[in-house]
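Colleague: For reference, the structure I am asking about is given below.
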Amino acid sequence: MQNSGKKVCFMTGGSGKLGSEIALAVAGQGYSIFFTWQHSEEKAKETLEKIRWVSPESQMVRCDVSSVAEIEEAFATFSTHFDRLDLLITSASNFFRTPLLDVTEPAWDSLVDTNLKGVFFTMQFAARIMTKQPFVSRIITMTDISANLAWRNYAPYTVSKSGIQHLTRIFAKEMAPKILVNSIAPGTISAYSGRDEEPESDLVGKIPLERLGDPMDIVMAIRFLMETEYITGQVINIDGGRLLF
Ligand SMILES: NC(=O)c1ccc[n+]([C@@H]2O[C@H](COP(=O)([O-])OP(=O)(O)OC[C@H]3O[C@@H](n4cnc5c(N)ncnc54)[C@H](OP(=O)(O)O)[C@@H]3O)[C@@H](O)[C@H]2O)c1
C-alpha cells in the first residue's frame, strides 16, 4: 500500500485530451491518482510523469472498459496500491461518426459498450468500495451536451451519453448519503475540435457566451463537485449557454 491518509481518485480515460488535464488538476488538489488508458500508451506515460511531479505515488493501468473482466482486473490492481477511494471520474469514451442508416452492430457495440456499459460497471465496482468506507465519497461522470440534442450522425454516442446521465441520477438516489454522484456535460472544448461538423465560426454563433469552451472551464466544475456537500444527481452543462438555442 503506497497511500496513507491522502485522498485517492480512480479515473478512466486519463490518456484523453480533456481527461489528462482533469487527472492533472485533481492531482493538483492533493489526490493520489490511479488512471486507466487503452491505446494511447505514450500519452498515458507523459500524463503520469506530469502527475507524479505533484503526486509521486500515482499509478496507471491499461484497461478496456468495454470488458467487465478488465474493469474488475483494474480495480484489483487499484486495491494493491490504495486502501481508500474518495473520487471516481468516468472519462473514458469512444466517439466516432455513425450515420443513422449505416450504423452497424460492431459500431453500436463499440460505442455503447465503452460509453454506457463500461461506465455502469466502473461505477458499480467503485460503489462497492465506497459504500464500505466510513466517509462520504464522490462520483463524477463525464457526459456531453449532445445527450440533450438530436445530433445527426452520432446516435449510439448520444444515446450512450444520455444513458450515463440517467445512471448518474439512479446511482445518486440509491447510493445516498454515502456517495454524491453528479455529471459534467461539456459543450465543444476549444482545444479539441473534431466533435462538431460545423465550422468553428458557425458554432460560436450558436453560443450565447460567444466562445468555445476551454479545458479550464471543465476543471473548475470538477473542483466544485469535489468540494460541494449538498448536490447529488445533477448534470452540469458547461457549454456557454449553447443548450439555450
Ligand atoms: N473534449 C471535448 O470537447 C468533449 C466534449 C464533450 C464531452 N466530452 C467528454 O469528456 C470526456 C473526456 O474527453 P476527452 O477529450 O479526454 O476524450 P478523448 O480525447 O477522445 O479520450 C478518450 C479517452 O477514453 C479512452 N477510451 C476510449 N475507449 C476506451 C475503452 N474501450 N476502454 C478504455 N478507455 C477507452 C481513451 O483511451 P486511449 O486513448 O488510451 O485509447 C482516452 O483516454 C469524455 O467522456 C468525452 O465524451 C469531451
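Colleague: Could you list all residues from the range 23-53 that are of a type in the set (S, T, N, Q) and within 12 Å of the ligand (Cβ to nearest atom)?
Modeller: The answer is T36, Q38, S40, T47.
Colleague: While we're here: Could you count how many residues in the range 134-190 are in contact with a Leu (Cβ under 8 Å, 6 or more places away or on another chain), over 25 Å from V103 (Cα atoms) and within 13 Å of the ligand (Cβ to nearest atom)?
Modeller: Result for the range 134-190: 5.
Colleague: Sticking with this one: If E210 meets every condition in (1) of a type outside the set (A, V, I, L, M); (2) without any contact (Cβ under 8 Å) to a residue 40 or more places away in the chain; (3) within 25 Å of L24 (Cβ to Cβ); (4) surrounded by fewer than 13 Cβ atoms within 10 Å (Cβ to Cβ) apart from one, which number is that one?
Modeller: Answer for E210: the failing condition is (3).
Colleague: Somewhere in the range 32-41, is a residue touching a Cys at 6+ places or on another chain (Cβ under 8 Å) and either aliphatic (A, V, I, L, M) or modelled with pLDDT under 95 (or both)?
Modeller: Scanning the range 32-41 turns up at least one residue that is touching a Cys at 6+ places or on another chain (Cβ under 8 Å) and either aliphatic (A, V, I, L, M) or modelled with pLDDT under 95 (or both).
Colleague: Additional query: I want to confirm something. Restricting to the range 8-28 and keeping residues that are surrounded by 18 or more Cβ atoms within 10 Å (Cβ to Cβ) and over 14 Å from the mean Cα position of the chain (by Cα), which single residue is nearest to M220 (Cα to Cα)?
Modeller: Filtering the range 8-28 for residues that are surrounded by 18 or more Cβ atoms within 10 Å (Cβ to Cβ) and over 14 Å from the mean Cα position of the chain (by Cα), the one nearest to M220 (Cα to Cα) comes out as A27.
Colleague: Assuming F121 fulfils every condition listed in (1) within 13 Å of the ligand (Cβ to nearest atom); (2) in contact with a strand residue (DSSP E or B) (Cβ under 6 Å, 6 or more places away or on another chain); (3) within 23 Å of V68 (Cα to Cα) apart from one, which condition is it?
Modeller: (2)
Condition check ((1) exposed (fewer than 15 other Cβ atoms within 10 Å of the Cβ); (2) at pLDDT below 95; (3) farther than 20 Å from G19 by Cα) across all residues:
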{"position": "T188", "(1), (2), (3)": "no, yes, no"}
{"position": "S193", "(1), (2), (3)": "yes, yes, no"}
{"position": "T232", "(1), (2), (3)": "no, no, yes"}
{"position": "I238", "(1), (2), (3)": "no, no, no"}
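Colleague: Another question, if that's okay. So which residues in the range 29-49 are surrounded by fewer than 16 Cβ atoms within 10 Å (Cβ to Cβ) and under 18 Å from K7 (Cα atoms), if there are any at all?
Modeller: G30
Colleague: Okay, next question. Which condition does P106 not pass, out of (1) in contact (Cβ under 8 Å) with a residue 24 or more places away in the chain; (2) out of contact with any Leu (no Cβ under 8 Å at 6 or more places or on another chain), if it passes all the others?
Modeller: (1)
Colleague: Take residues that are under 24 Å from W108 (Cβ atoms) and tell me which of the helices (runs of 4 or more DSSP H) falling wholly in the range 138-245 contain 2 or more.
Modeller: 155-175
Colleague: Residue check: is S20 among the hydroxyl-bearing types (S, T, Y) and away from the ligand (no atom under 15 Å from the Cβ)?
Modeller: no
Colleague: Does T90 meet the test of being under 21 Å from R128 (Cβ atoms), touching a residue at least 12 places away in the same chain (Cβ under 8 Å) and within 14 Å of the chain's Cα centre (by Cα)?
Modeller: Criteria met by T90.
Colleague: Condition check: in a helix (DSSP H, G or I) and surrounded by fewer than 14 Cβ atoms within 10 Å (Cβ to Cβ). Does R128 satisfy that?
Modeller: Yes; evaluated as a whole, the condition is true for this residue.
The values are calculated or read from the model by the stated rules, or taken from the named source; none is laboratory data. Values in this document were obtained by computation on a predicted structure and should not be read as measured data. Reconstructed Cβ throughout: ideal geometry from the backbone, glycine too, with neighbour counts over all protein chains shown.
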